[in-house]
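The values are calculated or read from the model by the stated rules, or taken from the named source; none is laboratory data. This is a predicted model, so every value here is computed, not measured. Positions of Cβ are backbone-derived with ideal geometry, glycine not excepted, and every protein chain shown enters the neighbour counts.
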Amino acid sequence: MNNDLILLGHGSGGRLSHQLLDELIIPVLSGTAPAGQNDAAILEQLAGQPAYTTDSFVVDPIFFPGGTIGSLAVHGTVNDLAMMGAEPLYLSVGLIIEEGFSKADLERILTDMRQAADQAGVRIVTGDTKVVPRGKADKIFITTSGIGVIKHDIPIHGANAQPGDCIIINGTLGDHGIAVMANREGLNVGTDIRSDSAALNSLVSEIIAVAGHDLHVLRDPTRGGVATTIKEIAQQSAVSVTLREEAIPVTPAVRGVCSILGLDPLFVANEGKLLAFVTPEAADSVLAAMKRHPLGKNAAVIGQVEEVPAGRVRMETVIGGMRAVEMLAGEQLPRIC
């Protein structure tokens, strides 16, 4: 028996399962002693309006410049709560592991999850592990659910964009998608492109503190990128949006790779970026607050909300023309998260 690999028996519920949980998964993720392990977590009373989200992660490769599937799973779920203005508190973790997966790789992923959770100030309180036969999965898939609490009365949601709102992004586009794709395909892009994967809840707290009710929408532009996300918001809020191409921050490296591959950075996934729709009166103070935060140094105002026509998004190009911006029609970069 190879003790360095995950076996089907590790998912049987028997002795091997308990060994995997007691010796690796639970100590790394939560440190809960065997006496404290039960079928569900008992949470403390929530002081505010509860928020709940769930997500699944199948990124390929599972290790990429700037992160792993483990850190990505934590960041993605934390950010989904934060985009509702919630303070993330608790996470659950579901692991689906392919037979033959390396225990060393599993430990690396779990360690990254724990570190990401600690940095975001959330606790991993419950979970589940399944093992499937070789060839029935691709190494490891992770499902995470999160619970948070909203402690304010600011209505932050995708249907709340208002005419006149300024649209601010906290940094450069496309870093995650291009980092994952380049690593997956073995592309030598001649530069260090790293994923932007990060937990955004501390940045959101700063934005809420500065903007208050002048903040209308928060959204993280993951799959489908900035273009698809803004189109969704325009449709939800029945407003029009004009973006300014020259204001949109993209690193030269990402822009160069996109140019070579025929990709548009507007449609490339991000995992550490957010879009904030705020009143014009609050835009300068929110932008300044973002730039003071480590995750907002390259923040920029990239567009404005207009009243009509409802659902339209267009781009003012660098040469002064206008072009329509639509949702991503298909899967530009599969298995990006």
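Observations on the structure shown:
- Residues that are in contact with a helix residue (DSSP H, G or I) (Cβ under 6 Å, 6 or more places away or on another chain) and under 30 Å from PRO155 (Cα atoms), drawn from the range 13-54: ALA51, THR53
- Listed by first and then second residue, the pairs linking a residue in the range 16-29 that is within 14 Å of LYS130 (Cα to Cα) to a residue that is part of a helix (DSSP H, G or I) and among the small types (Gly, Ala, Ser), with Cβ atoms under 9 Å apart and 6 or more places separating them unless they lie on different chains, are LEU16/GLY9; SER17/GLY9; SER17/GLY11; LEU20/GLY11.
Residue by residue, here is whether (1) more than 21 Å from GLU232 (Cα to Cα); (2) in contact with a His (Cβ under 6 Å, 6 or more places away or on another chain); (3) not assigned by TED's automatic domain parsing to the domain that holds PRO265; (4) not in a loop (DSSP other than H, G, I, E, B) holds:
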site	(1), (2), (3), (4)
SER285	yes, no, no, yes
MET290	yes, no, no, yes
GLN304	no, no, no, yes
MET315	no, no, no, yes
GLY320	yes, no, no, no
CYS337	no, no, yes, no
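- Checked against the criterion of being assigned to a loop (DSSP other than H, G, I, E, B), in contact (Cβ under 8 Å) with a residue 12 or more places away in the chain and touching a strand residue (DSSP E or B) at 6+ places or on another chain (Cβ under 6 Å), the range 186-202 has at least one qualifying residue.
- Here ALA209 passes the criteria (1) under 30 Å from GLN45 (Cα atoms); (2) in contact with a strand residue (DSSP E or B) (Cβ under 7 Å, 6 or more places away or on another chain) except the one numbered (2).
- Pick from the range 40-73, criterion among the polar types (S, T, N, Q), touching a residue at least 40 places away in the same chain (Cβ under 8 Å) and surrounded by fewer than 16 Cβ atoms within 10 Å (Cβ to Cβ), ranking: nearest to GLY146 (Cα to Cα): THR54
- Single residue of THR222, THR229 found to be polar (S, T, N, Q) and not in a helix (DSSP H, G or I): THR222
- Of all residues in the range 1-26, those satisfying the criterion of being within 29 Å of the chain's Cα centre (by Cα) and either hydroxyl-bearing (Ser, Thr, Tyr) or within 27 Å of GLU87 (Cβ to Cβ) (or both) are ILE25, ILE26.
- Residue check, VAL132 in contact with a strand residue (DSSP E or B) (Cβ under 9 Å, 6 or more places away or on another chain) and either buried (at least 24 other Cβ atoms within 10 Å of the Cβ) or modelled with pLDDT under 95 (or both): no
- Filter pass, THR222 being touching a helix residue (DSSP H, G or I) at 6+ places or on another chain (Cβ under 8 Å), surrounded by fewer than 24 Cβ atoms within 10 Å (Cβ to Cβ), farther than 15 Å from ALA159 by Cα and in the same structural domain as ALA276 (by TED's automatic domain parsing): yes
- Within the option set ALA137, ALA182, ALA159, being in contact with a strand residue (DSSP E or B) (Cβ under 6 Å, 6 or more places away or on another chain), surrounded by fewer than 24 Cβ atoms within 10 Å (Cβ to Cβ) and either modelled with pLDDT under 95 or part of a loop (DSSP other than H, G, I, E, B) (or both) holds for one residue only, ALA137.
- Tabulated pairs, the range 308-320, first at pLDDT 95 or above, second in a strand (DSSP E or B) and of a type in the set (D, E, K, R), C-beta under 9 angstrom, 6+ apart or interchain: ARG312/GLU306; ARG314/ARG323; MET315/ARG244; MET315/ARG323; GLU316/ARG244; GLU316/ARG323
- Residue match in the range 274-282 (condition: out of contact with any helix residue (DSSP H, G or I) (no Cβ under 7 Å at 6 or more places or on another chain), loosely packed, with under 15 Cβ neighbours inside 10 Å and of a type in the set (Asp, Glu)): no
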